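Readers should treat all values here as calculations from the given coordinates under stated rules, not as data from a laboratory. Worth saying up front: this structure is predicted, and the values here are computed from it rather than measured. Here the Cβ is made from the backbone with ideal geometry for all residues, glycine too, and neighbour counts use every protein chain on show.
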Amino acid sequence: MAVPIVEVGNDAKVTLERACAHLLSLQHRDGWWKGELQTNVTMDAEDMLLREFLGVRRQDESERSAAWIRSQQRADGTWANFHGGPGDLSSTIEAYWALRLVGDPVEDEHMRSAAQFVREQGGLQRARVFTHVWLALFGLWSWERIPALPPEVVLLPSWVPLNIYDFACWARQTIVALSVVIAKRPTHALPFELRELHGSEPWSRREPTSRTGRWLARLDNILRAYERRPLAPLRRLALARAERWIVRRQESDGSWGGIQPPWVYSLIALRLLGYSLEHPLMRRGLEGLEGFMIEQGSERRLEACQSPVWDTALAIVALTDAGLPQDDPPLTRAAQWLLGEEVKVRGDWALARPRLEPGGWAFEFANVNYPDVDDTAEVVLALRRTAPVEPQRAQAAIGRATRWVEGLQSADGGWGAFDADNTNALVRELPFLDFGEVIDAPSADVTAHALEMLGALGLAREPTARTGLRWLLEQQQPDGSWFGRWGINYVYGTGAAVPALVACGVEHSAPSVRRAVAWLVGHQNEDGGWGEDPRSYDDSAWVGRGSSTASQTAWALLALHAAGERGSAARRGIRWLVQAQRVDGSWDEPQYTGTGFPSDYYINYHLYRLTFPIMALGRYSREDMM
């Protein structure tokens with residue numbers, strides 16, 4: 001239960017000061033901030049399975065991972081993909097399997113209830129394809145039942161449909177590695193089976209519902225027939241090309257793209273291609289995983305990704321909103337660290353934009369192959385609010401970043417996160433891809449952040465910004481909100497869009513702004529806060545609805561502030577933040593308000609509950625709203 005630390009009616013600047021003090025206490029001595037990026041227990045289960053497959057699993061580490069997995073099991077025996085969400089079949093299968101790996105007896109109550117849920121949901125037969133791949137790796141599922149993904153896909157030129165660059169960067173890295181794994185069809189025997197997780201109905205392939213899906217299903221049948229007897233010279237060429245592609249994209253910290261899926265599958269692929277565990281690539285990859293581990297008491301959990309650049313940029317914006325001077329030492333240290341993280345090499349984005357010079361920032365400590373528009377825009381906004389030790393260096397970096405962001409604009413006027421014009425929806429219907437978004441189409445939230453940056457730089461009247469603004473206005477929903485691709489959901493999209501519109505010169509009185517304000521006011525909770533459940537991606541009843549959270553309340557307040565709203569709705573939102581603050585200056589937020597893949601994969605950014613409320617309180621504090 002939240003602990004109110006100031007009475008309503010007191011100056012809420014106390015709330016802001018405590019929050020700032022807490023945020024400053026979390027800064028690393030090198031200048032960066034990094035909050036935990038919490039996802040779900042499939043990360044921990046798959047880490048254990050990876051180590052088992054490679055023969056490096058240690059029982060003591062597994063016991064600590066298992067302790068974390070057990071702690072996340074729901075009362076009904078299931079595991080969910082987000083706090084308060086429903087039990088998820090594949091997540092429950094993988095968590096149960098990991099617990100069996102460490103020796104939990106199937107007769108124990110927590111295991112029996114999980115197994116019962118799995119059977120009731122159709123059993124292993126109804127798991128997603130990626131779970132089936134893991135089962136096949138250990139001989140618990142037939143490779144014949146895995147949809148086709150031949151490594152020959154890496155040989156397709158970029159103008160041929162379904163080439164690897166038609167996929168978003170996160171899917172691209174995963175697919176190349178998995179194509180090698182599936183081509184090799186390995187089996188690592190376990191001392192147990194999972195018969196207790198089989199459903200009553202036999203497995204059958206999912207029937208496609210669209211004409212395109214049916215065509216791709218026929219293609220899958222042809223490719224699976226080819227995979228049984230591939231052309232040997234072509235297969236050798238494809239595997240060699242895939243190997244080179246994977247090797248060239250390992251990052252300095254041992255990861256691939258700084259994210260879990262391509263990381264684990266790339267390690268498995270390289271092992272199957274003959275790399276020893278002592279090979280520098282393998283050793284660096286396994287050692288790098290330890291840097292993503294959080295050890296807490298008797299528990300151990302894996303972060304799917306890390307967000308230091310994003311968190312540091314948001315922290316700078318928040319603290320300057322709260323009134324810290326530009327030359328305050330924590331801010332100058334943070335700015336100096338960010339300058340050192342600038343990406344100056346060409347990544348996959350250059351395939352679509354070959355003449356564009358590098359610039360910008362990635363999300364993680366090490367990810368030179370995949371900088372992104374979202375981080376770059378936020379870093380530019382942050383650097384402009386500081387007094388860097390090397391002002392000329394900072395200005396040059398901002399210039400490169402601005403040109404790079406402008407160059408990554410898609411043909412329709414919007415911005416995706418990592419690539420331009422990554423919009424071939426055909427790949428979404430491939431039988432192999434039944435989990436998560438696999439293209440990087442322009443989104444309202446990324447476009448809004450790019451526009452906010454351009455507006456701050458005085459470029460709102462330039463053609464790039466005007467085209468982007470038109471695109472963003474066209475994406476407004478009939479009810480006045482915007483869809484949130486990387487945050488949950490319409491509150492996030494609207495919270496990003498309104499400040500961008502205003503930064504680009506849209507008047508407070510404009511119909512688009514007034515409709516957005518009306519939507520936010522209409523979705524304010526009775527307690528004064530705002531919240532939205534991840535189920536809003538699938539069920540319209542959840543749109544703009546959910547328990548109040550600090551981050552989502554702040555997003556709404558940021559939009560209202562940008563729209564010039566200083567009335568009852570804003571005051572009630574501020575009051576909620578004041579009353580909900582903890583004694584240490586932070587806020588409780590077990591809810592997941594970040595999005596990896598809409599409808600499938602969600603994130604709890606542990607610093608969102610701090611940086612965004614500071615921004616909102618800081619901006620309103622300038623106008624005696626508190």
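Values as computed for the structure displayed
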read-out: Gain upon complete extension [residue 145, residue 276; 0.36 nm per residue less C-alpha separation]; value: 44.2 nm
read-out: Paramagnetic reach from residue 200 (point 7 Å along Cα→Cβ, amide N under 20 Å) across the stretch 98-125; value: 112-125
read-out: Label-point gap, in nm, between residue 29 and residue 188 - each point 7 angstrom along Cα→Cβ; value: 3.8 nm
read-out: Residue (of 41, 163, 496) at the positive-pole extreme of the chain, dipole from beta-carbon charges; value: 163
read-out: Share, in percent, of DSSP beta bridges within the chain that are antiparallel, nearest 5; value: 95 percent
read-out: Cα-centre dipole for the stretch 40-302 with unit charges at Cβ (Lys and Arg positive, Asp and Glu negative), debye to 20; value: 1380 debye
read-out: Cα gyration tensor, the chain - rounded (a/c under 1.5), prolate or oblate; value: prolate
read-out: The stretch 491-578 shape via C-alpha gyration tensor axes, a/c threshold 1.5; value: oblate
read-out: Spin-label pair residue 244/residue 477, simplified geometry with 7 Å Cα→Cβ offset, distance in nm; value: 4.7 nm
read-out: Under 27 Å from the Cα of residue 13 - lysines, other chains or at least 8 residues apart; value: 34
read-out: Ordering of 33-46, 101-114, 353-366 by burial proxy (mean other Cβ atoms within 10 Å per residue, highest first); value: 33-46, 353-366, 101-114
read-out: At least 20 Å along the helix axis (C-alpha) and Kyte average at least 0.0, DSSP helices within the chain; value: 169-184
read-out: For the stretch 40-302: rounded, prolate or oblate by the Cα gyration tensor [a/c cutoff 1.5]; value: oblate
read-out: Chain lengthening between residue 75 and residue 106 when straightened (0.36 nm per residue, less Cα-Cα); value: 9.4 nm
read-out: Separation of the residue 526 and residue 211 label points, Cα + 7 Å toward Cβ, nm; value: 5.1 nm
